[in-house]
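The values are calculated or read from the model by the stated rules, or taken from the named source; none is laboratory data. As the structure is a prediction and not an experimental result, all values here were calculated from the model. Virtual Cβ from ideal backbone geometry, glycine too; neighbours counted across all protein chains shown. Calculation scope for accessible area: heavy atoms of the full protein, side chains included, ligands and nucleic acids excluded. Shrake-Rupley method; radii C 1.70, N 1.55, O 1.52, S 1.80 Å.
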Amino acid sequence: MGHAGYNAFMKDLRTYLAEAKEKGVAMGHFNFSNLEGLWAIFNAAHAVGAPVIVGASEGERDFVGVKQAVALVKSLREEFDFPIFINADHTYSALRVEEAARAGFDAVIFDGAKLGIEENIAKTKEAVAHARAANPNILVEAELGYIGQSSQVLKEVPAGAALTDEAMTTPADAKRFVEETGVDLFAPAVGNVHGIIVAPNYTERLNVERIKEIHQAIPNTHLVLHGGSGLPAEDFIEGIKAGISLVHISTELRVAFRDALSGALTQMPDEKAPYKYLGPARNAMQKAVEEKLALFNARI
Ligand SMILES: [Zn+2]
């Protein structure tokens, strides 16, 4: 419904997520803010043969264009008959949730993680209503537990991030939140943090036991791991085994893109053609996505 030109035989995102969960693997969600980034993610997913979600936060989709981001993803989906979907990542108002739903995003995240649980539930309910009024088939995700907001390399842990066992999302709160809001996907704070933290005496590690407990409390809701950048491979494997069905990666891709771009500009100081000096950046980002997709889709 409503997807003009969309291959009617292709399964929707809801089905791909359910399949990942059933197989015990996770889908990957990778952020982009330009066409090179989108091609990097698409090429990687196509090479690995794994369905994929691209994400665009408010800032990223403003840069690409809200409707243009959707049009680009749909054009890849149709031309290559390949399951690539687009999520409106970290959205902070019902208005912008509605805008994304109307523009044709397959999924949207309302991010009330910084609010107290009561206000978060109230605002999430409002966002869910706006999203589904605009598109009844859209998937809605929300967050409980603050894990920072920056996809950058940080010298310290974000202030207020829920990194201790006591501060992390509890199974009881997760159950209440999901029951009251009716979201399709749920992003808890389970030791994960946005960005790559390079602070002394800090290593990002997941509380795998907590993931298991939350998964048992809300078995029919997809658990989403944000802030995947910087986590060791074994944490992804254990986290997915414990019930994660979608993993977000952004910062590591930004680092790969920027480092390769910086190298290319140094190596070809007189080159003026963007497609020549941007090519290595796109390829480096593709490689980073491929590695993560191989890991998330490994059945270990
Ligand atoms: Zn995130």
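Quick one: Debye curve from the alpha-carbon atoms of segment 115-197 only, equal weights, vacuum; give me log10 I(q)/I(0) at q = 0.12, 0.18 Å⁻¹ to two decimals. The computed values of log10 I(q)/I(0) come out as -0.39, -0.80. Counting every alpha-carbon pair across segment 63-167, the share separated by more than 16 Å comes to 63%.
Considering only the other residues whose Cβ falls under 9 Å of the Cβ of Phe85, what net charge follows from Lys and Arg at +1 and Asp and Glu at -1? Each step should come with its number before you reach the end.
Details: positive: Arg77; negative: Asp12, Asp106.
So the surrounding residues net to -1.
Accessible surface comparison of Arg132, Arg61, Arg96, Arg254, probe 1.4 Å, protein chains only, largest first: the order is Arg254, Arg132, Arg96, Arg61.
Using the Karplus relation 6.51 cos²θ - 1.76 cosθ + 1.60 with θ = phi - 60°, the per-residue 3J(HN,Hα) values for segment 271-280 come to 6, 10, 7, x, 5, 7, 7, 8, x, x Hz, with x marking Gly and Pro.
Within a straight-line Cα-Cα reach of under 14 Å, Lys125 can be paired with the following aspartates and glutamates, leaving aside sequence neighbours fewer than 8 residues apart in one chain: Glu98, Asp111, Glu141, Glu143, Glu179, Glu180, Asp184.
Dipole magnitude of segment 1-123 about its Cα centre, charges +1 at Lys/Arg Cβ and -1 at Asp/Glu Cβ only, in debye to the nearest 20? Intermediate values should be presented prior to the final figure.
On the way: 12 positive and 17 negative charges, 35 e Å.
The dipole magnitude comes to about 160 debye.
Note on segment 234-300: Cα-Cα pairs beyond 16 Å make up 54% of the total pair count.
Under a model in which nothing but the beta-carbon of Lys, Arg (+1) and Asp, Glu (-1) is charged, the chain shows a dipole of about 480 debye around its Cα centre. Straightening the chain between Glu209 and Ser75 buys 44.2 nm, computed as 0.36 nm per residue apart minus the Cα-Cα spacing. Note on segment 113-171: with neighbouring protein chains present and a 1.4 Å probe, carbon and sulfur make up 53 percent of its accessible heavy-atom surface. Leaving out same-chain residues fewer than 8 places away, which aspartates and glutamates sit with a Cα under 17 Å from that of Lys287? Partners found: Glu36, Glu252, Asp259. Both radii are taken from the alpha-carbon atoms of segment 163-241; with Rh as the Kirkwood radius, Rg/Rh is 0.97.
Quick one, what does Rg over Rh come out to for the chain if you take C-alpha atoms and the Kirkwood Rh? Please report the intermediate quantities before stating the final value.
Working: Rg = 18.4 Å, Rh = 19.3 Å.
Reported Rg/Rh (Cα atoms, Kirkwood Rh): 0.95.
The share of accessible area on segment 211-300 that comes from carbon and sulfur is 51 percent, using a 1.4 angstrom probe. The relative contact order of the chain comes to 20 percent, based on Cα pairs under 8 Å that sit 6 or more residues apart. Taking a ≥ b ≥ c as the square roots of the Cα gyration tensor eigenvalues, with a/c under 1.5 meaning rounded and otherwise prolate when a/b beats b/c, else oblate, which class fits segment 1-136? Cα axes put segment 1-136 in the prolate bin. Annotation: amide H of Gly55 within the under-5 Å range of Phe30, Asn31, Phe32, Asn87, sequence separation 5 or more or interchain, hydrogens built in the peptide plane.
Please give the FRET efficiency for Phe63 paired with Ser93, using the beta carbon to beta carbon distance and R0 = 22 Å, rounded to the nearest 0.05.
Values: r = 18 Å, r/R0 = 0.83.
Calculated transfer efficiency: 0.75.
Heavy-atom accessible surface of the chain, averaged per residue, reaches 44 Å², computed with a 1.4 Å probe.
For segment 164-300, what are the per-bin percents of Cα-Cα distances with bins 5 Å wide, up to the bin holding the maximum? Taking all Cα pairs of segment 164-300, the binned fractions are 2, 10, 17, 17, 15, 12, 10, 7, 5, 3, 2, 0 percent.
What's the extension gain from Lys11 to Ser150 if we count 0.36 nm per residue and subtract their Cα-Cα distance?
Working: separation 139, 0.36 × 139 = 50.04 nm, distance 3.27 nm.
Going from the current span to full extension adds 46.8 nm.
Stretching Ala167 away from Gln216 to a fully extended chain increases their span by 15.7 nm, per 0.36 nm per residue minus the current alpha-carbon distance. Ordered from highest to lowest accessible area with the whole protein assembly present and a 1.4 Å probe, His90, His46 read as His46, His90.
Which entries in Lys23/Lys74; Lys11/Lys212; Lys67/Lys114; Lys123/Lys241; Lys11/Lys74; Lys21/Lys292 show an alpha-carbon gap greater than 24 Å?
Numbers: Lys23/Lys74 26 Å; Lys11/Lys212 28 Å; Lys67/Lys114 28 Å; Lys123/Lys241 31 Å; Lys11/Lys74 14 Å; Lys21/Lys292 17 Å.
Check vs 24 Å cut-off fails for Lys23/Lys74; Lys11/Lys212; Lys67/Lys114; Lys123/Lys241.
Could you tell me the calculated FRET efficiency between Val157 and Leu35, based on Cβ-Cβ distance and R0 = 41 angstrom, to the nearest 0.05?
Values: r = 34 Å, r/R0 = 0.82.
Once the sixth-power term is evaluated, E becomes 0.75.
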